[in-house]
Amino acid sequence: MSKMRGRILIPLPNTGAMGRKRNNFYMRSLFLLALGIFGLLQYNNFNYLDSRDNVLGDAVTNDSDDAILAMVPATLHKYLTPHSRNHTASGAGALTGAALLLNASSPGAATASTISFDVYHPPNITEIKRQIVRYNDMQMVLNEDVFGPLQNDSVIIVVQVHTRITYLRHLIVSLAQARDISKVLLVFSHDYYDDDINDLVQQIDFCKVMQIFYPYSIQTHPNEYPGVDPNDCPRNIKKEQALITNCNNAMYPDLYGHYREAKFTQTKHHWIWKANRVFNELEVTRYHTGLVLFLEEDHYVAEDFLYLLAMMQQRTKDLCPQCNVLSLGTYLKTFNYYTYHSKVEVMPWVSSKHNMGFAFNRTTWSNIRKCARHFCTYDDYNWDWSLQHVSQQCLRRKLHAMIVKGPRVFHIGECGVHHKNKNCESNQVISKVQHVLRIARNSHQLFPRSLTLTVPSLMKKSKLRKGNGGWGDLRDHELCLNMTLATR
């Protein structure tokens, strides 16, 4: 002990080794913590994507009418519930039986024999033509007393309608849920007069509504041009034989040697007629300077589509000064909202990619209309291919589009002019779109605060394309050109 007391303890020199060890320990701990957080985020992200895929997979199988209805607010069920005018005899009999039971238990009530059921008779061609003239002359705007007159800078939505009322019901439901829908004018352009479709459209109570009717339809001209004239040349007849038989338009088959098919020509006629009707003939649009958005009966919109359209319009000045078309739709089979919900890209307008849910203003339409001859004489029965031909061959300022990467307009139609599936009433696509939008809504991927411009992948320069044919008949050229004349 005495020896220990006499020793002087000298501290070791500070070489920094202990400090470095502590720092290394802290750095490793922070690195492991960051790695753990990153791994957790990746796990949650993959788990989210897997769950999303599972939901979409379930949507394919869970596409019953009840499941579809459950995804729709109860106040909008009225648009999905058919109210056909066609009362069957058995239905009338069942109602009469119920009335008899009611009368038997109600002293003094009227007898059931006083109840009568009128059998619905669809209007004949003469009556349909009369109604079409009446509607087009009246130019009535429904619900204007509730929502006020159209503002010059408001959005006009034009829906091209044929006969697919089931899809139209779902489009209307999607429109009803959109923010600011009460500010728009919703125009339904019909090429088929149907009382059930008219009842559905006139039931709309969430915005201003107008109906216009294409007056040169196959329905109203079944045995004469623009329908099928008995003397029309059969599609596949050879030109030599056509000249011998002297059938209509024998001198002018299309690019592929085929003759006119009325059912394919109508869509292009209808498109150019409705565009001219909205921009140049309707009194309500006389001073309109805003966007006109083009939809079809088998489209479906997201609830922020108007919000995003307005944001795109505001950003064209700095993001794409040359853009004169805004496109909200896409034909992609998968939709990555997680990455693309607020991203846009710009590129030349391509008919096969940007023809769904696209909008332009009166200035762009005026330029298109000046090129009506290019549109109306191009040998292609597709309006969108014809419009691209106009852009490439006639317009000084080509059609250039701003496109949303995360679509706000979806195509839900299983069948149409170009596609025929076994089950045209399938709900699979409708169910899938509903689930995609529900996930986007729940994960706050709708209504972005800003837009980001992305650089599109390298695109090949669009070549001048040979038309698809079906538009060689000079009668179609003349009718189309006449429909681009302003009557106001």
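At a glance:
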quantity: Hey, residue 245 polar (S, T, N, Q) and either in contact with a Gly (Cβ under 8 Å, 6 or more places away or on another chain) or touching a residue at least 40 places away in the same chain (Cβ under 8 Å) (or both) or not; calculated: no
quantity: Residue match in the range 428-451 (condition: open to solvent by 30 Å² or more (accessible area, probe 1.4 Å), at pLDDT below 95 and hydrophobic (A, V, I, L, M, F, W, C)); calculated: yes
quantity: The range 347-360 - residue that is buried (at least 19 other Cβ atoms within 10 Å of the Cβ) and not polar (S, T, N, Q) and, of those, farthest from residue 293 (Cα to Cα); calculated: 349
quantity: Matching residues in the range 267-281 - criterion: being open to solvent by 10 Å² or more (accessible area, probe 1.4 Å) and under 17 Å from the mean Cα position of the chain (by Cα); calculated: 267
quantity: Residue satisfying all of: in the range 292-332; charged (D, E, K, R) and under 19 Å from residue 351 (Cβ atoms); least open to solvent (accessible area, probe 1.4 Å) among these; calculated: 298
quantity: Total residues in the range 214-244, condition loosely packed, with under 13 Cβ neighbours inside 10 Å, out of contact with any helix residue (DSSP H, G or I) (no Cβ under 8 Å at 6 or more places or on another chain) and closer than 30 Å to residue 137 by Cα; calculated: 2
quantity: Every residue from the range 386-407 that is surrounded by fewer than 19 Cβ atoms within 10 Å (Cβ to Cβ) and in a helix (DSSP H, G or I); calculated: 392, 393
quantity: Flag if residue 191 is open to solvent by less than 70 Å² (accessible area, probe 1.4 Å), over 20 Å from residue 278 (Cβ atoms) and of a type in the set (D, E, K, R); calculated: no
quantity: Entirely in the range 260-357, the helices (runs of 4 or more DSSP H) that have 1 or more residues that are out of contact with any Asp or Glu (no Cβ under 7 Å at 6 or more places or on another chain) and at pLDDT 95 or above; calculated: 262-280, 305-319
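The values are calculated or read from the model by the stated rules, or taken from the named source; none is laboratory data. None of these values were measured; they are calculated from a predicted model. No Cβ is skipped: glycine too gets one built from the backbone with ideal geometry, and neighbour counts run over all protein chains shown. SASA here: full protein model, heavy atoms, side chains in, ligands and nucleic acids out. Shrake-Rupley method; radii C 1.70, N 1.55, O 1.52, S 1.80 Å.
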